[in-house]
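What follows is a short report on a single structure.
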Amino acid sequence: RGPAGTALTAGAVAAGQLSVGWSNDRVDLRRDRAAGRRDKPLATGRVPAAAVTAAALTALALCVPLSLAAGAAAGAAHLAGVAAAWAYNLRLKGTAASWLPYTLAFGLLPAFVTLGLPGAPWPPPWLTGAAALLGAGAHFANVLPDIADDLATGVRGLPQRLGARTSAALAALLVLGSAALLVLGPPGRVTPYGWTLLALTGALLLATAAAPGRIPFLGVMAVAGGDVLLLLARGAGQAASL
């Protein structure tokens, strides 16, 4: 995308994520206070609710032109992902469809990048699938530390309905599937490095999935972080060939 295109893409994603994060804290204000969340400045009163509302809406407004600067198709893909994230905050977080916004938003992110290239090409299916699986896995992993508080305050998304043990296993399988697509999906022969990476990923998840406390969450997030790096590397190579 070049320096300017990369800066615009990063700015659009940053604005979208800030709007999502701030709106999430604003929507969850009552539940965070009920759960005694001392790590949330809004819940403790250190930040006014009106300021967070204004910040979320300002970031969302900035996200629109920044996204469309990449072109109509690319901008529409990114804004659809941001809209899915807002839908999660406003309604879907407490339903059995809580996994869907994460899957959709992550899955559309590679398209936001490639559709802004000359000719507006779509990313290959394996890249979209890997991003979507990573998003779904991130959802299950992200909820793990807060399942008890969520249930106490009436949040019943799919992970809360399934329970911590099942959600931890699903998170591990989903991020492992993402890693497998990133290693096996691109055309050409899989290198020994790729097989080794996939084996180490599986071993880490197997070792942490049944562990107590926050260990399953940390194991899944470590693999998810590795998937992000691999996604960037594979995506850069794919973009160079488009």
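Can you pull out every residue in the stretch 185-226 that is without any contact (Cβ under 8 Å) to a residue 12 or more places away in the chain and closer than 20 Å to Pro123 by Cβ? Correct list: Pro187, Gly188, Val190, Gly194. The set of residues in the stretch 103-137 that are within 19 Å of Ala70 (Cβ to Cβ), crowded, with 21+ Cβ neighbours inside 10 Å and of a type in the set (A, V, I, L, M) comprises Ala105, Leu108, Leu109, Ala111, Val113, Leu115, Leu127, Ala131. With the stretch 155-222 as the region, which helices (runs of 4 or more DSSP H) entirely inside it contain at least 3 residues that are hydrophobic (A, V, I, L, M, F, W, C)? Per the criteria, 164-184, 192-208.
Here Leu173, Leu200, Leu184 are screened, and the one residue that is over 21 Å from Gly129 (Cβ atoms) and open to solvent by 70 Å² or more (accessible area, probe 1.4 Å) is Leu200. Just checking, which of Thr191, Thr208 is over 16 Å from Ala233 (Cβ atoms) and in the same structural domain as Gly226 (by the TED database)? Exactly one of Thr191, Thr208 is over 16 Å from Ala233 (Cβ atoms) and in the same structural domain as Gly226 (by the TED database), namely Thr208.
For the structure I just gave you, tell me whether Ala84 is surrounded by 21 or more Cβ atoms within 10 Å (Cβ to Cβ), of a type outside the set (S, T, N, Q) and under 23 Å from Leu127 (Cβ atoms). Taking the combined requirement at face value, the residue satisfies it. Scanning the stretch 140-170 for residues that are of a type in the set (Ser, Thr, Tyr) and either crowded, with 19+ Cβ neighbours inside 10 Å or free of Cβ contacts under 8 Å to residues at least 40 places away in the same chain (or both) yields Thr166, Ser167. For the stretch 32-90, the helices (runs of 4 or more DSSP H) that sit wholly inside it and include 3 or more residues that are modelled with pLDDT of 95 or more are 49-68, 72-90. The residues of the stretch 21-57 that are open to solvent by 80 Å² or more (accessible area, probe 1.4 Å), over 22 Å from Leu151 (Cβ atoms) and under 22 Å from the mean Cα position of the chain (by Cα), listed by number, are Trp22, Leu57.
Return a yes/no flag: does the stretch 93-102 have any residue that is at pLDDT 95 or above, buried (at least 16 other Cβ atoms within 10 Å of the Cβ) and of a type in the set (Gly, Ala, Ser). Checked against the condition, which is being at pLDDT 95 or above, buried (at least 16 other Cβ atoms within 10 Å of the Cβ) and of a type in the set (Gly, Ala, Ser), the stretch 93-102 yields at least one hit. The residues of the stretch 91-100 that are among the small types (Gly, Ala, Ser) and assigned to a helix (DSSP H, G or I) amount to a single one, Gly94.
The values are calculated or read from the model by the stated rules, or taken from the named source; none is laboratory data. A quick note: this is a predicted structure, and the numbers were derived from the prediction, not measured. Don't worry about glycine lacking a Cβ; one is built from the backbone with ideal geometry, like all the others, and counts go over all protein chains shown. These accessible areas exclude ligands, DNA and RNA; they are computed on the full protein's heavy atoms, side chains included. Shrake-Rupley method; radii C 1.70, N 1.55, O 1.52, S 1.80 Å.
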